[in-house]
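Visitor: The following block contains the structure, expressed as structure tokens.
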Amino acid sequence: MKNLWQNLNIFSWGLLGATLVLQPTVAQAQYIQRSFLNPGFESPTFGSTNQQCYVQVNESLIPGWSTTHGSVKAGTGNCTGYTSPGSVPLIEIWTSGFNGVSTATTPTSAGKQFAELNAEQASELYQNLCLLKDETITFSFLHRGRSSATVADVANFLIGANTVFGTFSTTSNGTVTAQPVAQNSATIPTVTNNNAGNGWVRYSGTVPYTAASANQPVGFAAVSTAGGNNTVGNFLDEVQFAGKPVVEFTASSGGAAESETTPTTNPPKLRIVGLVPTGGISVPISVSGTATLGTDYNTTSGTSTFNITIPAGNYDGSDATSVFTIPFTVINNNVPQGVRTIEFKIETSPSFFTSSTTTCGGSPTIASSYTIYDDDFLSGKIWDDADNSANNTFTNINTGSETGTNAGGLLNAILVDSNNKVLKTTPVAADGTYTFLNVPLNQSNVKIILSTTAGTIGNTAPTASLPPNWVNTSPLTTATFNTATNISSKDFGIEQLPNTNNVTGSTTTNPGGTNTVQVPTLSGTDPEDGNLGSGNSFKIVSLPSNGTLYYNGVTVTVNQVITNYDPTKLTVDPNIDGATTITFTVAAVDKAGKEDPTPATVTMPLTALSASKPQLILVKRITRINSQNLTSIVDGRSDVSPNAANYVASPRDTDDDSSNTWPTNYLRGLINAGIVKPGDELEYTIYLLSNGLGNATSVQICDLVPVNTTFIPTAFNGLTPNDGGLSGAAQGIALALGSSTPKAYLTNALDGDRGRFYAANETVPSYCGTNINGAVVVNITRSPDLPNLVKDFYGFVRFRAKVK
């Protein structure tokens, strides 16, 4: 397999031999790149098993590789499952055997795929490598012409935008028409024809790099093709270019308890990036420090110097493949010894560079200290228990992404004996951890307390306490226990209280009556939860004295906690009509269930409804079927099934409520009269009520005749009194003003009375809507007899229609 190992002549750090060790196909982006990835173009695999085919794909699909190819033409291909990427920067990949071109066979198989430099134009294939100043880099690759056995395809090997280090000329049968031309101090040995088989020639050499350390594009650029057609030619395979590998420690420090005799928690580790040749390399390590070799720890050699062997391979820096733990052991004993440190250092070697593995040319971490903590210790952590999972216990304190805390550097952990005297005291670290070192063994009935006051060894312990705005989610004092070796996880839970924002709503008109006003959005902040608002919890600490709070239509009680708060559902009904200011207090509640101890005030300034603002309520009922008057009083409701006989959609369901000043039992009739049949006569009554704070003027009512019925123009013929209409004209409209029975019967014609019937599709006043089945229009007000409707004025308009 090309992406694993070649088994012949692995190069050393002099001139290249025939082949190289290859690497994982994808590098980890956080590490430098020191060698080519996916050098044989084997990833991803194209086509079905053993299919001979080609593809032109977007450069992003080929791991490691980039191209200067322009978006000049939509990609093509014939491999199974291929879909053209459209006009994008293309990389062309062939599988072995397509068009008679097979991969190299000497000294071993070069896999199943290779690339063509000239996809649809002369272009460059390259990778960005970290090159270090004054290093010498080795390279090796396979090159083959495509279309001619006598005229070569020519490609340049270059670093950077245009610094050429070699030019290579190969025909389709592997003839080298001109030995490689080395430039810019490169060294490139001569080669023989077809030295890799199947028309392929392997070229190799070395390149000196003298520029500043930097990431540089390294690759191959098409120069010419045998037939002069820039869309074909210059096959490439098994490309490798590498300097010495780069080595450094993964971290500058680590440590663990003495009881961890084979360190696994965070021991010193080497990270390597780059190509390690056959036979591997040795990284020399020296040790020093306050820890004593042979007493506190041992190395593999038993001395202060030893070697770490790195096997041959191509390392991308990833933790999974490129990190090597320094082997050593810690000697555990029962002797209190305190803290001791081993200093590990990478010594120099010609086999590698010590340099940053994350920043090209950056300073390396060549030393790493390992701290041995005495195993006679006691430790724990204070967690910022944002969701109160501890719930006043010492279990389940840490959940999710909660972090440790020392409450702003103000906390101390204090170990107290059975007489309440301080045995040990230590500040809590910024990450919430604390450790008591050299704790006396076999002490009975000790406990740990948290306090903002540091303890004094031998004195009475201070009182358990927390800084302002912090509260405990676990007790601040542990249960008593006995000391022993290596006691850990004596954890506590604390969390910070939320803060509620005062809010003043914009000045709003008091709607009067039982109408409500939406409360301005409640908000707050919490150190753990962030901004608080919609979806959070708020406690209503006090209620307004001059209004009633509702949440989702239900009266709010004092100290009620609203969970999953929806700002649109919190409303207030002022107890007085007119100018007033509503105030009440509220406290944010965080996810730990802790509330703000200093509630905020909600202020809502309301102005009086304009004295001149009129309002008219209309309620429609069916008051007669055939000769049967309907006298029922029905309350319209929106909280019933839409199929119910008294269903009225909100907000019109409250128009017939007794809170409006309708005369008692005035609104007779049905909302839904049930099933009727053709020929049945229905009587419709539209009740009206003036309930604004001002007089209503220019009142006109238009009611469209229901579909599937026909207006009865003679419904009230012969009835009196009239209203100034034409004598003898048909009367189809009845009008009641301030009464429960009609006071006038109106003609259907455009004449001197208030009423008129418009036939279907006849032009009606704009406020009527679309007239598709006829419309009844009545002018309620009229000068001089009724110029306006005062508050609480009532009446109705009535007409009849026959079911079609």
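The values are calculated or read from the model by the stated rules, or taken from the named source; none is laboratory data. Everything quoted here is computed from the prediction, not taken from an experiment. Counting neighbours? That spans all protein chains shown, and the Cβs are built from the backbone with ideal geometry, glycine included. Ligands, DNA and RNA are stripped out before the accessible areas are found, and what is left, the full protein with its side chains, is counted by its heavy atoms. Shrake-Rupley method; radii C 1.70, N 1.55, O 1.52, S 1.80 Å.
Visitor: Evaluate the relative contact order of the chain (contact order divided by residue number), counting alpha-carbon pairs under 8 angstrom at least 6 apart; express in whole percent.
Guide: 7
Visitor: When the chain is fully extended, how far beyond the present Cα-Cα distance does N193 get from K802, taking 0.36 nm per residue of separation?
Guide: This chain segment gains 208.7 nm when fully extended.
Visitor: If you count, for each residue, the other Cβ atoms within 10 Å and average over each peptide, how do 101-107, 725-731 line up from highest to lowest?
Guide: Going by the mean number of other Cβ atoms within 10 Å, highest first, we get 101-107, 725-731.
Visitor: Return the Rg/Rh ratio of region 281-332 with Cα-based radii and a Kirkwood Rh. Mind dumping the intermediate values first?
Guide: Values: Rg = 13.3 Å, Rh = 12.6 Å.
Computed over Cα atoms, the ratio is 1.06.
Visitor: Per-residue counts of other Cβ atoms within 10 Å, averaged by peptide: what ranking do you get for 624-634, 256-266, highest first?
Guide: 256-266, 624-634
Visitor: Now, a different point. Return, ordered by residue number, the residues of region 71-107 whose backbone nitrogen is under 17 Å from a label point located 7 Å along Cα→Cβ of T49.
Guide: Under cut-off, by backbone N: 80-81, 96.
Visitor: Sticking with this structure for a sec: Set the Förster distance to 41 Å, then compute FRET efficiency between Y647 and T603 from the Cβ-Cβ distance, nearest 0.05.
Guide: Calculated transfer efficiency: 0.60.
Visitor: Let me ask something additional. Sorting check: for 143-149, 190-196, which peptide has the highest mean count of neighbouring beta carbons within 10 Å, and how do the rest follow?
Guide: Descending mean neighbour count gives 143-149, 190-196.
Visitor: Would you compute, for the Cα atoms of region 668-799, the largest minus smallest coordinate along each principal axis and list the three values in descending order, in whole Å?
Guide: 43, 35, 29
Visitor: While we're here: Once you have all Cα-Cα distances for region 740-804, histogram them in 10 Å bins from zero and send the whole-percent values.
Guide: 17, 47, 31, 6, 0
Visitor: Along Cα→Cβ, 7 Å out, is where each label goes; now give me the distance between the ones at A673 and V72 in nm to one decimal.
Guide: Spacing of the two 7 Å Cα→Cβ label points: 8.4 nm.
Visitor: Can you give me the Kirkwood hydrodynamic radius for region 190-289, using every pair of distinct Cα atoms, in Å to one decimal?
Guide: On the way: mean 1/r = 0.0518 Å⁻¹.
The Cα-based Kirkwood calculation yields 19.3 Å.
Visitor: Kindly identify region 460-591 as rounded, prolate or oblate by the Cα gyration tensor criterion: order the square roots of the eigenvalues as a ≥ b ≥ c, call it rounded if a/c is under 1.5, otherwise compare a/b with b/c, prolate if a/b is larger, else oblate. Walk me through the numbers on the way to the answer.
Guide: Numbers: a/c = 3.51, a/b = 3.26, b/c = 1.08.
Note, shape of region 460-591 comes out prolate.
Visitor: Report the dimensions of region 534-614 along its three principal axes from the alpha-carbon atoms, largest first, rounded to Å.
Guide: Answer, in whole Å and largest first: 51, 23, 18 Å.
Visitor: Here is a follow-up. Using only the Cα atoms of region 482-521, each taken as one equal point scatterer with no solvent, compute I(q) by the Debye sum, divide by I(0), and report log10 of the ratio at q = 0.27 Å⁻¹.
Guide: Debye output, listed in q order: -1.04.
Visitor: Sort largest first and round to whole Å: the equivalent ellipsoid semi-axes of region 47-120, each the square root of five times a Cα gyration tensor eigenvalue.
Guide: 22, 14, 10
Visitor: Another one. Between S109 and T521, with labels modelled 7 Å along Cα→Cβ, what's the label distance in nm to one decimal, could you check?
Guide: For the pair S109/T521, the computed spacing is 6.5 nm.
Visitor: Now for a different question. Tell me, what % of the accessible area of the chain is carbon and sulfur with a 1.4 angstrom probe?
Guide: 49
Visitor: What does the C-alpha gyration tensor say about the overall shape of region 639-691? Classify as rounded when a/c is under 1.5, otherwise prolate if a/b is larger than b/c, or oblate.
Guide: Because a/c hits 1.5 or more and a/b fails to exceed b/c, region 639-691 counts as oblate.
Visitor: From the Cα gyration tensor of region 47-204, with a ≥ b ≥ c the square roots of its eigenvalues, which class applies: rounded if a/c is under 1.5, or else prolate if a/b is larger than b/c, or else oblate?
Guide: Oblate.
Visitor: Using modelled amide H (1.01 Å from N, peptide plane; none on Pro or chain starts), what sits under 5 Å from the amide H of G694, excluding residues fewer than 5 places away?
Guide: For G694, whose amide H was placed from the backbone, the distant partners under 5 Å are K613, Q615.
Visitor: Hey, can you find the accessible area per residue of the chain for me, probe 1.4 Å, expressed in square angstrom?
Guide: With the other protein chains kept in place, the chain gives 42 Å² per residue.
Visitor: Right, here's the next one. Along the Cα-to-Cβ line of L410, 7 Å from the Cα, sits a label point; which residues in region 482-505 have backbone N less than 16 Å from it?
Guide: Residues 494-499 fall inside that zone.
Visitor: Can you give the FRET efficiency for V181 and S282, using 1/(1 + (r/R0)^6), R0 = 35 Å, r = Cβ-Cβ distance, to the nearest 0.05? Walk me through the numbers on the way to the answer.
Guide: Numbers: r = 38 Å, r/R0 = 1.08.
That pair, V181 with S282, gives E of 0.40.
Visitor: Could you sort out which of K381/K447; K269/K381; K490/K591; K133/K269; K447/K591; K490/K539 sit more than 22 Å apart by Cα distance in this structure?
Guide: Working: K381/K447 15 Å; K269/K381 27 Å; K490/K591 24 Å; K133/K269 26 Å; K447/K591 30 Å; K490/K539 34 Å.
Result: K269/K381; K490/K591; K133/K269; K447/K591; K490/K539 exceed 22 Å.
Visitor: Related question: What per residue convex hull volume, in Å³, comes out for the chain when only alpha-carbon positions are used?
Guide: Here the figure is 286 Å³ per residue.
Visitor: Take T456 and S506, extend 7 Å from each Cα along the Cα→Cβ direction, and tell me the distance between the two endpoints in nm.
Guide: 6.2
Visitor: What is the calculated FRET efficiency for N665 to D792, with r their C-beta to C-beta distance and R₀ = 22 Å, to the nearest 0.05?
Guide: With a Förster radius of 22 Å, E is 0.85.
Visitor: When the Karplus curve 6.51 cos²θ - 1.76 cosθ + 1.60 is applied with θ = phi - 60°, which whole-Hz ³J(HN,Hα) does each residue of region 45-58 get, with x for Gly and Pro?
Guide: Here the 3J(HN,Hα) series is 7, 10, x, 7, 4, 6, 6, 9, 7, 9, 9, 10, 10, 4 Hz.
Visitor: I need the fraction of alpha carbon pairs in region 606-748 separated by more than 25 Å, rounded to a whole percent.
Guide: It works out to 37 percent of all Cα pairs.
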